[in-house]
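A.B. asks: First the structure, which I've put down as structure tokens, then a few questions once you've had a look.
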Amino acid sequence: MLTLKNISKTFNPGTVNEKTALTGLDLHLDKGDFVTVIGANGAGKSTLFNAIAGSFLPDTGSIILDGQDVTFQPEFKRAKAIGRLFQDPMRGSAPGMTIEENLALAAGGGGWLSHVSKAEKAAFRDRLALLDMGLEDRMRQPVGLLSGGQRQALTLLMATMVPPKLLLLDEHTAALDPGTAEKVLALTESIVREGGLTCLMITHNMSSALELGNRTLMMDAGRILLDLKGPRREGLTVDDLLRMFKENVGKALDNDRMLLS
Amino acid sequence: MSLSAMWGLAQTALELGLTCSLTVLALFLSYSMLNVCDLSTDGCFTLGATVGAVVAIAGHPWLSIPAAMGAGVLSGFVTAVLQTRMGIDSLLAGIIVNTGLYSVNIAVMGGSSLLNMNKTVTVFTGLKSLLADTPLAGTQDLIVPFIAVILVIVFLALFLRTRLGLAIRATGNNPDMVRSSSINPIFTTTVGLCVANAFTGLSGCLLAQSQKSVNIDIGSGMVTIALASLLIGQTFFGKGSIAKRAAGVVFGSIIFRLVYTIALRFNMPAFMLKLVSSVIVIVAIAGPYFKTQLPLLRRRLAGSGKEGR
């Protein structure tokens, strides 16, 4: 489904601000994989997402999405196959436009000069009702009036309106209160499961990283330290994960030390 | 002052307001929707005026309208390419195009900075002879811009609800969202600026033809005047449907001209127009800002009094 081969990225090369964000990263996702990604700040998680989505061109390597090499494809073209949510709930919808208009944009379809049909509006209503937030009765209100949680739920709906081949969730519940975060997470799970979507989700919540999905990646210093799936992942606790994290970071450091000495 | 003289003044204000409101509608699209402050407006307005005049003088009064609009599209396209594909800041792109258009405009007028259309058949004189024996005789100066404004409002109301129109609005409303979506912001910005500048060109063309002359300064300060009208309109009709808001900015343009006409009656010299429009823009933008600062100021004053800080 998604294959990353030897992806590297260094920002500001040759300056004092040089920052190596990804180093020779390889990753393969199968169709229907729901992968959670954990790692400390600066580990390269968001950079990995940016590379997949096409926000920048990686220095080395190639990205193959659904059998097609998309390494050189601009971001907006890839976005047809990739749905994306950010931590900031304000980032995924246009506040000055109505809920209906935002959904119409997300739905795409039709020609550039086509209007939104009645049937489509009815479909939007049904989809909104799934959120159970009463938004289906507020379709003509501007999105700017919604709360952060409602906006993030709406963004999730928009990103999955046309089922994407790949869904990238970048800590999409981190800015929400615990109750709302739980709701949005449950919604995410049901949408991903029902659509059979392939999904990558960054989270700082170790327990949800283990509970959700079928695979967990641990990143550090621009590479994947641990790739947990199948029997190795089952029955794993947060403590196990933390211990593994420390051990592996130590090992990586030792490796570096060996290389440098 | 007699009633008929007053009506005469009001009619002039209405004609000018309607003609220039086409530029206001252009800014409604580029400034309010696309969130691009298009500073090439002055030059584009003059370009529409010169191209329209030259085509009309050549004997094609009706062709002058599509020609002026086409010239506007071209100008908007250049501005858009500069800011979307060449890494030039959007304000600077407008200024550069505006400067370049000065030479282009004089070139269009054949090296002169003034063209006279006293004996030219224009859209206005054409309609005048058509209306000669009807009850509407003599109202062509009002009817032409009125029809144009109605058509543009209808177009905008329909266009901004299409998928392309929604994409243009989203580009202005949340660029972050658009950048990570399947909308190509380069495309939407380009289309938006082309369409907006077509209206600016049309506006210039109609003003020149109704005045029966065009000079190189016809568009100078137009962007500020149009912004002032836009902001006046938005304070009255800032919310609601696109059609209502578009009609609102036309209303703003007419109000602006009426106020200006009244000010002229009180012996304000005509050269004050541009200073007045500048002040209106400052007040309209700074006003809401100071309003948000007011509670802070009030608490500070109250606090320093009571707590002796």
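All of the numbers you see were taken from the coordinates with simple rules; none came from a lab. All figures in this text were calculated on a predicted structure; none of them were measured in a lab. Here the Cβ positions follow ideal geometry from the backbone for every residue, glycine too, while neighbour counts run over all protein chains shown.
A.B. asks: Residues with beta-carbon under 15 Å from that of B:LEU136, excluding B:LEU136: net charge, scoring Lys, Arg +1 and Asp, Glu -1?
C.D. replies: In short, -2.
A.B. asks: How large is the dipole of region A:5-129 about the Cα centre if only Lys and Arg carry +1 and Asp and Glu carry -1, each at its Cβ, rounded to the nearest 20 debye?
C.D. replies: That gives a dipole near 200 debye.
A.B. asks: If you don't mind, another one. Under DSSP H, which helices of chain B have Cα atoms covering 27 Å or more of the helix axis and a Kyte-Doolittle average no less than -1.0?
C.D. replies: Both cut-offs are met by B:3-27, B:64-85, B:140-159, B:185-211, B:242-265, B:273-306.
A.B. asks: Right, here's the next one. Go ahead and estimate [θ] at 222 nm for the protein assembly as shown from helices alone: -39,500 (n - 2.57) per DSSP H run with n ≥ 4, summed, over the residue count, rounded to 500.
C.D. replies: The helix-only estimate for the protein assembly as shown comes to -19000 deg cm²/dmol at 222 nm.
A.B. asks: With the dipole of chain B worked out from charges on the C-beta (+1 for Lys and Arg, -1 for Asp and Glu) around the Cα centre, which of B:PRO145, B:ILE88, B:GLY240 lies farthest toward the positive end?
C.D. replies: B:GLY240
A.B. asks: Within a 10 angstrom radius of the beta carbon, how do B:LEU202, B:LEU151 rank from fewest other beta carbons to most?
C.D. replies: In increasing order of surrounding Cβ atoms, one gets B:LEU151, B:LEU202.
A.B. asks: Now for a separate question. Say R0 is 60 Å: what FRET efficiency, to the nearest 0.05, do B:ARG298 and A:THR23 get from their beta-carbon distance?
C.D. replies: Calculated value: 0.60.
A.B. asks: Now a separate question. Starting from region A:24-115, pick out the trypsin sites (Lys or Arg not before Pro) whose DSSP state is loop and whose Cβ has at most 12 other Cβ atoms within 10 Å.
C.D. replies: When the trypsin sites (Lys or Arg not before Pro) of region A:24-115 are filtered for loop state and at most 12 Cβ neighbours within 10 Å, A:LYS31 remain.
A.B. asks: Across peptide A:51-57, how many C-beta atoms of other chains are within 10 Å of each residue C-beta, on average?
C.D. replies: For this peptide, the per-residue mean of nearby foreign Cβ atoms is 1.
A.B. asks: If I fit a long axis through the Cα atoms of helix A:238-260 and take the longest principal axis of the Cα atoms of chain A, what angle between them do I get, 0 to 90°, rounded to 10?
C.D. replies: The answer is roughly 50 degrees.
A.B. asks: Which residue fluctuates the most in chain B, going by a Gaussian network model with Cα springs under 10 Å, if the choices are B:LEU227, B:LEU92, B:LEU296?
C.D. replies: Evaluated over chain B, the most mobile residue of the options is B:LEU296.
A.B. asks: Further question on the same structure: Out of every Cα pair in region B:14-306, what percent are spaced more than 37 Å from each other?
C.D. replies: 16
A.B. asks: Assign unit charges at the C-beta atoms only (+1 for Lys and Arg, -1 for Asp and Glu), then state the dipole size of region B:14-306 relative to its Cα centre in Debye, rounded to the nearest 20.
C.D. replies: The calculation lands at about 1120 debye.
A.B. asks: While we're here: How tilted is helix A:118-131 with respect to the longest principal axis of chain A? Cα atoms for both, answer in degrees (0 to 90, nearest 10).
C.D. replies: 50
A.B. asks: Go through B:LEU273, A:GLN87, A:ALA209 and say which Cα lies farthest out towards the positive end of the charge dipole of the protein assembly as shown; charges sit on Cβ, +1 for Lys and Arg, -1 for Asp and Glu.
C.D. replies: Result: B:LEU273.
A.B. asks: Now a separate question. About the Cα centre of the protein assembly as shown, what is the dipole size in debye to 20, counting +1 per Lys and Arg Cβ and -1 per Asp and Glu Cβ, all else neutral?
C.D. replies: 1100
A.B. asks: Please identify the longest segment of chain B free of exposed chymotrypsin sites (Phe, Trp or Tyr not before Pro), where exposed means a DSSP state other than H, G, I, E or B and no more than 14 other Cβ atoms within 10 Å.
C.D. replies: B:63-265
A.B. asks: Still on this structure: Divide, for region A:6-117, the radius of gyration over alpha carbons by 2.2 N^0.38 Å, where N is the residue count.
C.D. replies: 1.29
A.B. asks: When chain B is treated as a GNM, springs tying every alpha-carbon pair under 10 Å, which of B:VAL276, B:VAL214, B:VAL51 comes out with the largest mean-square fluctuation?
C.D. replies: Its mean-square fluctuation being the largest, the pick is B:VAL276.
A.B. asks: Based only on Cα atoms, what Rg/Rh ratio does region A:108-230 have, Rh being taken as Kirkwood's radius?
C.D. replies: Computed over Cα atoms, the ratio is 1.02.
A.B. asks: So, R0 is 56 Å and r is the distance between the beta-carbons of A:SER55 and B:ILE147; what FRET efficiency does that work out to, to 0.05?
C.D. replies: The calculated FRET efficiency here is 0.75.
A.B. asks: What trypsin sites (Lys or Arg not before Pro) in region B:224-275 are in a loop by DSSP, with at most 15 other Cβ atoms within 10 Å of the Cβ?
C.D. replies: In loop regions of region B:224-275 (DSSP not H, G, I, E or B), the sparsely surrounded trypsin sites (Lys or Arg not before Pro) are B:LYS239.
A.B. asks: Next question, about the same structure. Most mobile of A:GLY149, A:GLY14, A:GLY134 per a Gaussian network model of chain A (Cα springs, under 10 Å)?
C.D. replies: Greatest mean-square fluctuation among the candidates belongs to A:GLY14.
A.B. asks: What FRET efficiency comes out for the pair A:ALA129/A:LEU236, r = Cβ-Cβ distance, R0 = 35 Å, nearest 0.05?
C.D. replies: FRET efficiency, A:ALA129 to A:LEU236: 0.45.
A.B. asks: When only DSSP loop residues count, what chymotrypsin sites (Phe, Trp or Tyr not before Pro) in region A:1-72 have their Cβ near at most 16 other Cβ atoms within 10 Å?
C.D. replies: A:PHE56, A:PHE72
A.B. asks: In vacuum, with every alpha carbon of the protein assembly as shown counted as one equal point scatterer, what does the Debye formula give for log10 I(q)/I(0) at q = 0.06 Å⁻¹? Two decimals, please.
C.D. replies: -0.42
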